[in-house]
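Here the structure comes first, spelled out in structure tokens, and everything after it is commentary.
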Amino acid sequence: MTDSAKMSELPDFHIVIPARYASQRFPQKLMADLGGKPVLQWVYELALKAGAQSVTVATDHEIIEKAALAFGAPVVMTRDDHENGTERLAEVAAKMGWKGDEIVVNVQGDEPFLPVKLIHSSVIALSQDEEAEMATVACVIDQVEDFFNPNVVKVVCDEKQRALYFSRAPMPWDRDGFANNVNRTGLLPADFPALRHIGLYVYRASLLARYADLPMSPLERWEKLEQLRFLHQGIKVQVALADGLPTHGVDTLDDLEKLRYQLSLA
């Protein structure tokens, strides 16, 4: 399918960029300079290219607000007690008065080079599944080493490409194959059913409106994966397939330096 054909399938959607000023591993990272402008500005500009009805920065800090307004981004000030970006999204959706069937994309403020096509594919995936209330993205896992890495989140899907489960553990287990691979190296079979989860989330506004009433699930508590809260409640999560793993975001100063180096080569 061509890019123009995909664009013609795009429904209306909104993008919200949750933007925290503080970060434990890298304080003030959204304001860090990347090629002459803040990381957050890169994210806002890529979000504009996605063709959303609206792109909004959601923050609880005056420094973020001031910087965003300076480069032309609309800002919604939110409460300072949110535990995660989904809660911040829910507050923005309520303040904006978005209807229940409207689609809202959570674009993290520290992902300056997130491919726009991932936003499009996840929005289309959700819009084409009337029973699903949210969507996310995954790609193929090639390496056995990545499969056993607890920092690589795995997802397995049903025949309708809906998530069955997310885990940091290696799943599903290749009983015969892994028994003979004590070094846990090499390539996974081409038809291996596990995918590598990419943390991009798309919601229907009706789900965001209910989010505050969804309790943390036991699975979420053990795995430290928020998306398990939705599966525990029986919420259907559609999974769009990406061509490959996108460029890593800015979690640490080292991540920022790598992106700066990439820009210097461009």
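The values are calculated or read from the model by the stated rules, or taken from the named source; none is laboratory data. None of the values given here were measured: they were computed from a predicted structure. Cβ coordinates were reconstructed from backbone atoms using ideal geometry, including for glycine residues, and neighbour counts include every protein chain displayed. Note: areas computed on protein heavy atoms with side chains; ligands, DNA, RNA excluded. Shrake-Rupley method; radii C 1.70, N 1.55, O 1.52, S 1.80 Å.
Observations on the model:
- Verdict on G177 being out of contact with any helix residue (DSSP H, G or I) (no Cβ under 8 Å at 6 or more places or on another chain), under 23 Å from S127 (Cα atoms) and not in a loop (DSSP other than H, G, I, E, B): no
- Residue match in segment 19-38 (condition: closer than 25 Å to L207 by Cβ, polar (S, T, N, Q) and open to solvent by less than 70 Å² (accessible area, probe 1.4 Å)): no
- Counted residues, segment 46-62 - those being part of a helix (DSSP H, G or I) and surrounded by fewer than 18 Cβ atoms within 10 Å (Cβ to Cβ): 2
- Under the condition of being at negative phi, assigned to a loop (DSSP other than H, G, I, E, B) and in contact with a helix residue (DSSP H, G or I) (Cβ under 9 Å, 6 or more places away or on another chain), the residues counted in segment 63-82 number 7.
- Taken over segment 20-37, the criterion of being aliphatic (A, V, I, L, M), within 13 Å of V250 (Cα to Cα) and in a loop (DSSP other than H, G, I, E, B) is satisfied by A32 alone.
- Candidates are the residues of segment 83-111 that are in a loop (DSSP other than H, G, I, E, B), among the small types (G, A, S) and in contact (Cβ under 8 Å) with a residue 12 or more places away in the chain; the one that is least open to solvent (accessible area, probe 1.4 Å) is G109.
- Residue satisfying all of: in segment 150-164; within 22 Å of I235 (Cβ to Cβ) and open to solvent by 70 Å² or more (accessible area, probe 1.4 Å); farthest from the chain's Cα centre (by Cα) among these: E159
- Of the residues making up segment 197-210, none is within 21 Å of H14 (Cα to Cα) and part of a loop (DSSP other than H, G, I, E, B).
- Scanning segment 123-137 turns up no residue that is farther than 30 Å from Q28 by Cα, part of a strand (DSSP E or B) and open to solvent by 40 Å² or more (accessible area, probe 1.4 Å).
- Test: residue in segment 165-174 that is touching a residue at least 12 places away in the same chain (Cβ under 8 Å), open to solvent by 30 Å² or more (accessible area, probe 1.4 Å), more than 19 Å from K224 (Cα to Cα) and out of contact with any strand residue (DSSP E or B) (no Cβ under 8 Å at 6 or more places or on another chain): yes
- Checking L195, L114 one by one, the residue that is buried (at least 18 other Cβ atoms within 10 Å of the Cβ), free of Cβ contacts under 8 Å to residues at least 60 places away in the same chain and closer than 26 Å to T86 by Cβ is L195 and no other.
- Total residues in segment 200-227, condition open to solvent by 50 Å² or more (accessible area, probe 1.4 Å) and not charged (D, E, K, R): 7
- Any hit, segment 75-83, residues being within 30 Å of E9 (Cβ to Cβ) and modelled with pLDDT of 95 or more: yes
- Selected residue (criterion: least open to solvent (accessible area, probe 1.4 Å)) from residues of segment 232-266 that are free of Cβ contacts under 8 Å to residues at least 24 places away in the same chain and over 16 Å from G35 (Cα atoms): G234
- Cross-chain or 6+ apart pairs with Cβ under 6 Å, segment 128-145 first and polar (S, T, N, Q), then in a strand (DSSP E or B) and open to solvent by 10 Å² or more (accessible area, probe 1.4 Å): T136/Y201
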